[in-house]
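One structure is given here, and the rest of the page talks about it.
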Amino acid sequence: MDVRTRRAPRGDRGAVTAEAALVLPVLVLVTVALVWTSSLVLTQVRLVVAARETARAVARDDGVDAARAQGARVAPDGARVEVREADGTVMVTVTVRVHPLPGLAFLPAPEMSADAVTSAEEP
């Protein structure tokens with residue numbers, strides 16, 4: 001048989017295009033999910049650091065307002081910093097609601113928080 005006369009069956013034409021059209025939306029969704037998850041992890045890390053910084057500042061007796069300002073510099077935008085002191089212990093909670101990007105409104109908007117507890121330093 002001559003190589004020039006041999007052709008692929010007509011039923012297979014466009015199969016790669018059809019498969020790509022089916023797989024591409026799945027790949028986009030997986031990518032969006034990975035980016036969103038990474039964003040949540042980064043937000044949680046920032047919350048933990050903000051809580052720790054605020055607790056340290058209050059424990060050093062820098063003043064509650066100064067400590068809140070220090071924690072707010074590290075925390076994500078819109079975060080709430082709560083400081084409680086009792087029996088020589090400083091407890092800080094930093095909370096924020098994480099909203100997805102405008103085009104991704106179908107993603108959840110969880111409220112995330114982090115706590116830090118430390119002993120007040122002696123003067």
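The values are calculated or read from the model by the stated rules, or taken from the named source; none is laboratory data. Just so it is clear, the model here is predicted, and its values are computed rather than measured. As a convention, Cβ positions derive from the backbone with ideal geometry for all residues, glycine included, and neighbour counts pool all protein chains shown.
For VAL74, which of the numbered conditions (1) exposed (fewer than 14 other Cβ atoms within 10 Å of the Cβ); (2) in contact (Cβ under 8 Å) with a residue 12 or more places away in the chain fails to hold?
(1)
Using the structure shown, decide if ALA33 is surrounded by fewer than 16 Cβ atoms within 10 Å (Cβ to Cβ), in a helix (DSSP H, G or I), under 26 Å from the mean Cα position of the chain (by Cα) and of a type in the set (A, V, I, L, M, F, W, C).
The answer is yes for ALA33.
Go through region 48-70 residue by residue and tally those that are over 14 Å from THR118 (Cα atoms) and of a type in the set (S, T, N, Q).
Adding up the residues that qualify gives 1.
Counting only residues that are out of contact with any Asp or Glu (no Cβ under 8 Å at 6 or more places or on another chain) and of a type in the set (Val, Ile, Thr), which one in region 77-123 is farthest from VAL48 (Cα to Cα)?
Among those that are out of contact with any Asp or Glu (no Cβ under 8 Å at 6 or more places or on another chain) and of a type in the set (Val, Ile, Thr), it is THR89.
Working carefully through the options ASP62, ASP115, find the one that is in contact (Cβ under 8 Å) with a residue 40 or more places away in the chain, acidic (Asp, Glu) and in contact with a helix residue (DSSP H, G or I) (Cβ under 9 Å, 6 or more places away or on another chain).
Just one listed residue meets the conditions, ASP115.
In this structure, does ALA51 turn out to be within 19 Å of PRO110 (Cα to Cα) and at pLDDT below 90?
The answer is no for ALA51.
Say we look at region 102-123 and pick out the residues that are in contact with a Ser or Thr (Cβ under 9 Å, 6 or more places away or on another chain) and more than 17 Å from LEU47 (Cα to Cα); which of these is surrounded by the most Cβ atoms within 10 Å (Cβ to Cβ)?
So the residue we want is ALA120.
If you go through region 77-98, how many residues are more than 25 Å from SER39 (Cα to Cα) and surrounded by fewer than 17 Cβ atoms within 10 Å (Cβ to Cβ)?
7
Just for region 99-120: of the residues that are aliphatic (A, V, I, L, M) and either under 17 Å from the mean Cα position of the chain (by Cα) or assigned to a loop (DSSP other than H, G, I, E, B) (or both), which one is farthest from LEU34 (Cα to Cα)?
ALA120
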